[in-house]
1. Note down all Cβ pairs under 7 Å where the first residue falls in segment 387-401 and is over 9 Å from Phe413 (Cα atoms), the second is of a type in the set (D, E, K, R) and open to solvent by less than 40 Å² (accessible area, probe 1.4 Å), and they're at least six residues apart or on different chains.
2. Could you look through segment 308-346, keep only residues that are assigned to a strand (DSSP E or B) and within 19 Å of the chain's Cα centre (by Cα), and pick out the one that is farthest from Leu428 (Cα to Cα)?
3. Of everything in segment 347-366, what is assigned to a helix (DSSP H, G or I) and over 16 Å from Lys282 (Cα atoms)? Give them in sequence order.
4. Checking Ile384 against (1) in contact with a Leu (Cβ under 8 Å, 6 or more places away or on another chain); (2) in a loop (DSSP other than H, G, I, E, B); (3) farther than 20 Å from Val314 by Cβ, which single condition isn't satisfied?
5. Can you tell me which residue in segment 87-119 is modelled with the lowest pLDDT, limited to those that are closer than 12 Å to Met130 by Cβ and assigned to a loop (DSSP other than H, G, I, E, B)?
6. Return the only residue of Leu274, Leu316, Leu284 being over 27 Å from Ser217 (Cα atoms) and either surrounded by 19 or more Cβ atoms within 10 Å (Cβ to Cβ) or at pLDDT below 95 (or both).
7. Can you work out which of the residues in segment 394-432 that are in contact with a strand residue (DSSP E or B) (Cβ under 9 Å, 6 or more places away or on another chain) and surrounded by fewer than 17 Cβ atoms within 10 Å (Cβ to Cβ) is nearest to Phe446 (Cα to Cα)?
8. Please find, within segment 236-270, the residue that is nearest to Pro32 (Cα to Cα) out of those that are within 15 Å of the chain's Cα centre (by Cα) and in a loop (DSSP other than H, G, I, E, B).
Amino acid sequence: EFFRNPGMDSPEVKYMMERREALGGVYPIRMPAKVSSLIELPPASNFEIFDAGNPKAMSTTMAFATLLRRLMKLGDFGKRLVPLVTDEARTFGLNAFFHEFKIHAPFGQHYTPVDHDSLMKYSEAPDGQMLQEGISEAGALCTWIACGTSYASQGCPILPFFIYYSMFGFQRVGDFIWQAADARSRGFLLGATAGRTTLNGEGLQHQDGHSLVMALSNPAVIGWDPAFAYELSYIIEDGINKMWGEDKDLIYYISVYNENYPMPEVPQVKTLGLSAKEGCLKGLYKFAEAAADKPITVRLIGTGSIMKQSLDAVELLAEFGVGCEIWSATNIGELHREAVRKERYARLHPAEPEPSFWVQDCLGDFDGVTVFSSDNITQYPQLIEKYVGGDFVILGTDGFGRSDTREKLRRFFEIDKESIVVAALSGLARQGKVKPEVVVEAMEKFGIKYERPDITMDDCIPQD
């Protein structure tokens with residue numbers, strides 16, 4: 001009784017329908033390009049460049065720059081890759097890109113940069129392929145969204161790679177990343193100088209140990225924490241195949257670190273019959289078997305740059321007669337998501353056998369001690385804690401960062417190799433496999449103390 005319909009033949013309705021038709025129809029229509037049928041993806045050999053390892057120390061950030069530079073040279077595919085940076089491109093190893101690929105500037109470069117006499121000078125051009133957005137992560141994310149949705153909005157697929165200080169991503173502009181997911185963006189976010197202890201001397205500004213937890217809150221984001229160059233390369237290949245080969249609307253967030261260390265070759269160890277590459281892309285794989293001559297074995301799981309601390313702990317634990325099985329956890333978030341999906345299936349199908357899932361298949365059948373160490377807060381590995389058999393000891397970086405050396409920071413957070421050794425021995429002592437005195441001996445040997453004063457929070461939070 002409150003509304004009057006003048007009828008479809010009335011001048012008013014005819015006028016409204018004509019206007020609506022002129023605007024494109026009654027319902028908005030999204031017609032994205034089918035990228036899988038438009039773009040030829042690069043051969044897998046391009047992503048195997050780190051498989052043989054490299055004794056020369058490098059960071060995963062430098063590995064990313066090396067791989068991206070190679071991919072950008074691959075014909076039509078390479079021309080569609082867009083690196084974005086807001087600040088400190090040289091810190092991320094992208095300074096070589098300036099001269100080779102140029103920074104996009106619609107009207108060209110009308111000034112002489114201060115580094116004009118250097119080989120890798122700052123260079124702008126109308127046809128530049130890089131985007132240098134100034135110190136504004138919010139502005140850069142808006143540009144990233146425009147690039148990441150171009151397959152739908154313009155019918156012209158562009159794949160953006162935005163590299164930034166990891167602390168300035170989900171914490172600073174997480175709402176824009178949520179908007180990117182809502183707009184069905186596809187692309188890569190690289191959280192550089194990741195980890196709470198990786199960038200010494202910077203205090204709270206850059207010491208990030210929680211972005212991967214925040215990334216998990218976004219359903220479209222797949223968050224990765226690779227330790228080695230070959231892992232990073234496989235992950236980027238997988239993302240390209242998913243986004244452009246399978247037309248999936250995904251965002252890959254990858255933690256990359258600035259610590260240099262030798263990169264190993266791809267291990268030949270199988271994980272439940274799968275190769276290291278296959279296990280890496282499932283989020284977890286066995287990196288090395290334990291020495292057969294040790295009477296006791298523990299499992300050490302590492303991620304990111306702290307994987308090296310786990311590897312260095314092997315020799316120290318051997319002095320106590322303990323062998324170590326080494327695992328690399330590249331994606332705790334996806335292990336958790338798969339487990340949640342399988343648990344839901346089991347809940348709704350009570351008459352069927354419970355389905356298996358990767359993290360439980362890998363780590364569930366074990367009654368020993370597993371030590372997980374990373375540069376992230378302990379909440380992150382706790383996502384898989386209930387699926388790990390035996391005793392699960394988590395070492396992480398809870399608390400504020402601080403300005404000090406990398407070594408002192410890792411000792412404070414107790415994620416260095418010596419703390420991993422003590423954690424493993426303590427777990428074994430509680431299982432009755434070594435005497436408690438062995439733990440005390442190790443603590444004295446490595447200078448690990450019971451007290452750990454925290455000048456940032458001791459006056460606010462009770463300390464044990």
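1. Gly401/Arg196
2. Ser328
3. Correct list: Arg347, Leu348.
4. (2)
5. Across segment 87-119, the extreme among qualifying residues is Ala89.
6. It is Leu316.
7. Among those residues, the one meeting the criterion is Arg430.
8. The residue in question is Leu250.
The values are calculated or read from the model by the stated rules, or taken from the named source; none is laboratory data. The structure displayed is predicted, hence computed values, not measured ones. Don't worry about glycine lacking a Cβ; one is built from the backbone with ideal geometry, like all the others, and counts go over all protein chains shown. With ligands, DNA and RNA removed, areas are computed over all heavy atoms of the protein, side chains included. Shrake-Rupley method; radii C 1.70, N 1.55, O 1.52, S 1.80 Å.
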